[in-house]
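All remarks here apply to the structure that follows.
Just so you know, all these numbers are worked out from the coordinates, no wet-lab data involved. Only a predicted model underlies this, so the values are computations on that prediction, with no experimental measurement involved. No Cβ is skipped: glycine too gets one built from the backbone with ideal geometry, and neighbour counts run over all protein chains shown.
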Amino acid sequence: MSSEPIFVLPGDRIDASLIPSHEKKPLRLGPGLRHVPPSDLVPTLAGQLVTDRQKNAIRVETANGRYIPRVGELVIGTVNKSAQEVYFVSLSDYTAPALLPQLSFESATKKTRPILLPGALVYARCVSASTGKADGLGPLVGGMLFTISLGMSRLLMMPKKAQQGRLVVLDELADAGVQFETATGRNGRLWVDSDSTKAIIAVGRAIQETDEKSLGVDEQRRLVKKLIKELS
Amino acid sequence: MAPPAAELSHLPKADGSANFSFGGYTITAAVNGPVEAQRRDENPFEALVDVNVRPAAGVGGTAERQLEAILQPALRHLIAIRNFPRCVVQVTLQVMEAPENAYVNSKVMQPRLNLGIIPSLLHAAMLGLLTAAIPLNTVASATCLAVTNATAGSTIKVDPSPTEIDQATSVHVLGFTAGRDLLLAESEGSFTAEEWDRVLQTAENVCCRGQETGNDAEMGGYGAESENVLHFMRSVLEAKAAESLHWR
Amino acid sequence: MPREAEPSLSERTFTLQAISEGLRLDGRKLDEFRRLELSFGDEYGVADVKLGKTRHVQLLAKVSAEVTVPFADRPFDGIFQITSELGPMVAPSYEVNRPTETEVLLARLLEKTIRRSGALDTESLCLVAGQKCWSVRVDLHVLSADGNLIDSACFAVVAALRHFRKPDTSIEGETLTVYTPAEREPVPLSWLHSPFCATFDFFGDEGDIVVVDTTWLEEQLRVASCTFSLNKHGEICQISKLGGRPIEATLVIQCAQMALAKVKEFTDLLDAKLAEDAKRRDKGGLMAELSAENER
């Protein structure tokens, strides 16, 4: 962003000048930071320290690891089983399922609620269990699910990914005339749909390869050219 | 002795993984977590830490169980376990290579505890936990020391070889957090209280060397401190973070 | 431990659809293997096998030998055993000391392919009949698994055994001497033939689409699978087809032909790697000295 990225390890001391201060807004702590009373901030993750002076926020940015749900994040879940009023939805493998009330789908009533079989995908937003009100974005039908790193899913959800994130594969594929639809979950999942099987595979591979090899803009363009050639 | 080497996130299926080699030992660590704990052993207030040490040859025996029993409380102390109730953090440590003594034919089953391997196991586990983005309270490092008694008095050898361990009168493993707190201490053999004081002092110097600076802004000067494992871990993790967050 | 993860409906239908169109998610052809990489450690008898580039299968096989007492009913044979374990390193659903079905099947197949096909001459491991023999054991560690565990595991075990050297021994009268590596160069095992596994997975309603080297996701969706174990001479050690949809006999024969071609590839790769490793070890070593003498 603005200056050299600052790398922190758990337990490091954070210099006071790095912590944003704003007269009115309260300081917001993102993931990877712990407040030790009275006034110390201690990182708990190894990553780059990111501060946003406008929002008066500070966090530690990491790209790997397992997804830990946070309120307000969009995720793609798999329905495990259905109970009387709720679906049990798995957000990542081997973790306890999240609850998705069946009435939280758009314009769902007791009679018109969607029926989802185990294994169906849903696009949803995480809300705190105490409020009890979920905001289902709806089921994802067909298509294919690809696993990506948490860093990549955050990148894909940026509004201006080409400028800020140097991610151009999707735009390049679309410019080349490939038609597809995507949905990104913050839990490291990418759903892709298209009429053509080949196109879905191409989109999935483009994202996965960019993710795994941390490709730059030029390399991404080259990859897309290669994939387009295979498509035709 | 060769400087430490590490490879991070090389296992695609695990949440975090690291390969750490130093002093003839190569350890692969895989960390999965926080995942759902089994009903029978879940704790409603904190996460469980499950440590699993697997030898290169043979199935694990009592020696491995003892290593696990030494490492588990240390890791439990480092991980922010209160953040993840009813969960488990699995740390699997696979010994890939151990230094061999060319003058002795090795036996498969080693019922004896091998203290020399503990620092490498701890460092591999630390790197695994950090790549899995599991919140930690602090980082730590450990070292192995061998005390040899000669007529002229005892000498302390840092990072001893297997032969030196065989000849030593006592062997000690000490771990310190970055904040200079003693994390683990295991000793074997006979030694005096005075020797123990010296061992403690030496180990603290080895583990916390150059830690006064603390901040990575002042990390420029390598040189004599290049073997410090905490510095080494910081540099490999920093390089990895820079690579995976290259778009920042 | 938690349940094994299951693929979602979309993944199921899409993967099957793609395979029926002859496409795979990683861009391979149906009969294309992932790249197999083999490297040997500094010690003898350590083989590191990697299948595929990023989403891969990674295994480490380590051979060790020690002198023990032979079994009472087989006084002229040494002891040879293969142990394989899938731990939580592979996935949190694998528990220590509680073998899953995959694990048992893998152990059985390795046993049938390598031990019972007589690849290692166990009589050569005997030192003093009924009293002393070598016990050779292979430990197979799975570090990461994304399908096709059997073929890669078998390759790793055979590679490690072929690479292994046991300490040299001598018998003078009644005394048995085991030399340390510093005293005498260790000697290779008496190896008779190198069997390898080739697995074929079947898809489609009729089970007529053959796919090799399947990933974990594909493995979950197959209708049947068949493993051939054979050596480069085409001598089949075993064929196992455990359950699943019945397969046409002609298809089985076709697969056997493909298996032979694949096994020849495996053999060539292993021979090349062993030769490369021997060269690396001999640099300036004993062999170099000997050849220098011959030139004179």
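For the protein assembly as shown, the antiparallel share of DSSP beta bridges with both residues in that region comes to about 90%. With R₀ set to 22 Å, the beta-carbon distance separating B:ASN205 from B:SER161 gives a calculated FRET efficiency near 0.60. Annotation for region B:1-91: chymotrypsin sites (Phe, Trp or Tyr not before Pro) lying in DSSP loop with at most 16 further Cβ atoms inside 10 Å of their Cβ are B:PHE45. As a rough footprinting exposure proxy, the listed residues C:VAL187, B:VAL53, A:VAL168 were ranked by other beta carbons within 10 Å of their own, and the order from fewest upward is C:VAL187, A:VAL168, B:VAL53.
Distance from the Cα centroid of region B:147-171 to that of region B:1-63 is 30 Å (rounded to whole angstrom). With neighbour counts taken as other beta-carbon atoms within 10 Å, the residues A:MET152, C:MET258, B:MET96 rank, fewest first, as C:MET258, B:MET96, A:MET152. In loop segments of region B:32-66 as defined by DSSP, there are no GluC sites (Glu not before Pro) with at most 11 further C-beta atoms inside 10 Å of their C-beta. Against chain C, whose longest principal axis is taken from its Cα atoms, helix C:9-20 shows a tilt of about 80°.
The HN-Hα couplings worked out from phi for region A:92-99 by the Karplus form 6.51 cos²θ - 1.76 cosθ + 1.60 (θ = phi - 60°) are 8, 5, 6, 10, 5, x, 9, 9 Hz, whole numbers, x standing for Gly and Pro. For region C:63-94 versus region A:35-83, the inter-centroid distance based on Cα atoms is 46 Å. Answer rounded, prolate or oblate for region B:168-210, using the Cα gyration tensor with square roots of eigenvalues a ≥ b ≥ c: rounded when a/c is under 1.5, else prolate when a/b is larger than b/c, else oblate. It comes out prolate by the Cα gyration axes. Computed 3J(HN,Hα) for region A:6-13, one whole-Hz value per residue from the Karplus formula 6.51 cos²θ - 1.76 cosθ + 1.60 where θ = phi - 60°, is 9, 9, 10, 10, x, x, 5, 8, glycine and proline marked x. A Cα-only calculation for the protein assembly as shown places Rg and Dmax at 28.3, 97 Å. Across region C:17-281, Cα-Cα pairs farther apart than 31 Å form 29% of the total. For the residue pairs B:LYS13/C:LYS53; A:LYS198/B:LYS13; C:LYS132/C:LYS166, the alpha carbons lie more than 24 Å apart in A:LYS198/B:LYS13. Set the Förster distance to 60 Å, then compute FRET efficiency between A:GLN54 and C:ARG12 from the Cβ-Cβ distance, nearest 0.05. The value I calculate is 0.85. Close amide H pairs (under 5 Å, H built 1.01 Å from N) link C:LYS132 with C:LEU127, residues at least 5 positions away or on another chain.
Across the options B:THR28, C:GLY52, C:LEU217, the greatest Cα extent toward the positive end of the charge dipole of the protein assembly as shown (unit charges at beta carbon of Lys, Arg, Asp, Glu) belongs to C:LEU217. Rounded to the nearest 0.05, what FRET efficiency do C:GLU101 and B:ASN83 have when you use their Cβ-Cβ distance and R0 = 51 Å? Taking R0 as 51 Å, the efficiency between C:GLU101 and B:ASN83 is 0.90.
Scan around B:VAL51 for amide H atoms under 5 Å from its own, H built in the peptide plane at 1.01 Å from N, and keep only partners 5 or more places away or cross-chain. Counting only residues 5 or more places away or on other chains, the set is B:VAL91. Comparing C:ALA47, C:ALA156, C:ALA145 in a Gaussian network model of chain C where C-alpha atoms under 10 Å apart are linked, the largest mean-square fluctuation is found at C:ALA145.
Using alpha-carbon positions, what is the distance between the centroids of region B:82-97 and region C:25-60, in Å? If you average the Cα positions of each part, the centres end up 26 Å apart. Using only Cα coordinates, the Kirkwood hydrodynamic radius of chain B works out to 18.9 Å. Couplings for region B:142-155, taken from phi via the Karplus curve 6.51 cos²θ - 1.76 cosθ + 1.60 with θ = phi - 60°, read 9, 8, 10, 10, 10, 9, 10, 9, 10, 5, 6, x, 8, 10 Hz in order; Gly and Pro are left as x.
Near the amide H of C:SER194, within less than 5 Å, lie the amide hydrogens of C:LYS232, all on another chain or at least 5 residues away, with H placed in the peptide plane. Compared with the alpha-carbon gap, the fully stretched path from C:SER190 to C:GLU37 is longer by 52.6 nm at 0.36 nm per residue. Neighbour counting of Cβ atoms within 10 Å sorts the residues A:ILE14, A:ILE200, fewest neighbours leading, into A:ILE14, A:ILE200.
A helix-only calculation puts chain C at -9500 deg cm²/dmol for mean residue ellipticity at 222 nm, using -39500 (n - 2.57) for each DSSP H run of at least four residues, averaged over all residues. Note on chain C: with a GNM built from Cα contacts shorter than 10 Å, the maximum mean-square fluctuation among C:GLY243, C:GLY52, C:GLY207 falls on C:GLY243.
Using C-alpha pairs below 8 Å separated by at least 6 residues, the relative contact order for region C:17-281 is 19 percent.
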